[in-house]
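Worksheet for the structure shown next.
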Amino acid sequence: MPSSSLSKPIISSKTCLVGSSRLAALAQQLRLYKHPPTFDDEEEERLEGSADKVVSQVGFVESATQVKSERFKPKRAAVLICLFEGEGGDLRVILTKRSSGLSTHSGEVALPGGKADEGDADDSQTATREAHEEIGLDPSLVNVVTVLEPFLSKHLLRVIPVIGILSDIKAFKPTLCVAEVEAVFDAPLEMFLKDENRRSEEREWMEDKYLIHYFDYEVGDKKYVIWGLTAGILIRAASVVYQRPPDFVEQNPKFKLPKAVNKDATMP
């Protein structure tokens, strides 16, 4: 069950004009966005992902990985990229820090989200339901405007990024599920297009090299590292919102899955 909100919320109580013309224009722009085509769901069989929450060291857009296998159908999940206008007029995104008591991915930064429930009507409902459960964000406050191309996590979980706009940040009173979330904070979306405070690590799988991106972010006395799947999703979201590529090379993989794909298959 959700607990009380942060004793000292990081999200500012100040806000720009509710329902600003910039947010309205952004919503209209994003409603017209269509992500690149992905592989046909009917051609694949189910593969169960191994993590309930959407956090991973590795995560890439589906089209970059060239995944196509008659034996492969990953379990579906969704995350919410909730954007609002900061007091300085910049676009900001709501992020969470996972509880340090969790057995996996403890203390890591993530977007609100998780696996789809059978009762979810679509990816938007999955993302907003999970955000409500994790941080107390009322779905009625979020105007869902588009979905991005699916990402594949390290455990081959198919993650759908859902972009929503929060016009009135003052109406959001964080209420955390302390079993899962330790903190909620926000960061400037444009940060994920800049080379500042970014580092990367080169990895290789099936003779293909790719980069894992890390963004160091500091607010007040808190320091966060945003990386892996979360960073990859935010790079793509920022590229779509600002309609320009990042200032650095993403170096996504061009590999295919190995012949043997099962529930234990992972990317390194």
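Here are the numbers for the structure shown:
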read-out: Sorted by Cβ neighbour density within 10 Å, fewest at the top, the residues Phe215, Phe192, Phe248; value: Phe248, Phe215, Phe192
read-out: Arg31 versus Arg199: modelled label distance in nm, points set 7 Å from Cα along the beta carbon direction; value: 4.4
read-out: Proxy reagent accessibility, fewest Cβ within 10 Å first, across Val79, Val219; value: Val219, Val79
read-out: Within-10-Å neighbourhood charge of Asp120 [Cβ basis; K, R +1; D, E -1]; value: -2
read-out: Cα centroid separation, the range 197-216 to the range 110-181 (Å); value: 26
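Every number here is computed from the coordinates shown, using simple stated rules; none is lab data. All figures in this text were calculated on a predicted structure; none of them were measured in a lab. A quick note on method: Cβ atoms are made from the backbone with ideal geometry, for glycine too, and the neighbour counts reach across all protein chains shown.
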